[in-house]
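Let me begin by presenting the structure, written as structure tokens, before commenting on it.
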């Protein structure tokens, strides 16, 4: 089940955010994510967020601002079950286009987005990590 984020979801969402960022981005120091935890926790509720509930637990979420996807995160134990695609489809419902950024080294995420109709439209260096990232877009 997908529902809108509620204030009391923040700790579960942040647990997934931190754990999955560290796991997916082994090319970035664990400390980078730990050092950004409080900042993200503070600004996250400003985004439009949907959470995926399975057996009464939050197992994934998507954050979006306007048409920009801030991120999709699914707990490791629940990946490859269509949760990320379901969350993505939820935000596609009322939009004609979406944009996101993804690290070039995050091959799994790039393949996920390509499978869901996104295309790489540009490449740049992300200044906080000095890593190459792609901008990917989807059009209805």
- Task: Taking the residues in the range 64-84 that are assigned to a helix (DSSP H, G or I) and modelled with pLDDT under 90 as candidates, determine which candidate is surrounded by the most Cβ atoms within 10 Å (Cβ to Cβ).
- Result: 78
- Message: So residue 132 ticks every box in (1) farther than 30 Å from residue 53 by Cβ; (2) outside any strand (DSSP E or B); (3) in contact with a strand residue (DSSP E or B) (Cβ under 8 Å, 6 or more places away or on another chain) but one. Which box is left unticked?
- Response: (2)
- Any chance the range 36-43 includes a residue that's surrounded by 12 or more Cβ atoms within 10 Å (Cβ to Cβ), modelled with pLDDT under 95, in contact with a strand residue (DSSP E or B) (Cβ under 7 Å, 6 or more places away or on another chain) and at negative phi? no
- Query: Out of the residues in the range 85-99 that are touching a residue at least 24 places away in the same chain (Cβ under 8 Å) and not in a helix (DSSP H, G or I), which is farthest from the chain's Cα centre (by Cα)?
  - Reply: 96
- Query: So which residues in the range 100-116 are in a loop (DSSP other than H, G, I, E, B) and surrounded by fewer than 19 Cβ atoms within 10 Å (Cβ to Cβ)?
  - Reply: 104, 105, 116
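The values are calculated or read from the model by the stated rules, or taken from the named source; none is laboratory data. The structure presented is a predicted model; accordingly, all values stated were derived computationally and were not measured. Cβ: placed from backbone, ideal geometry, glycine included. Neighbour counts: every protein chain shown.
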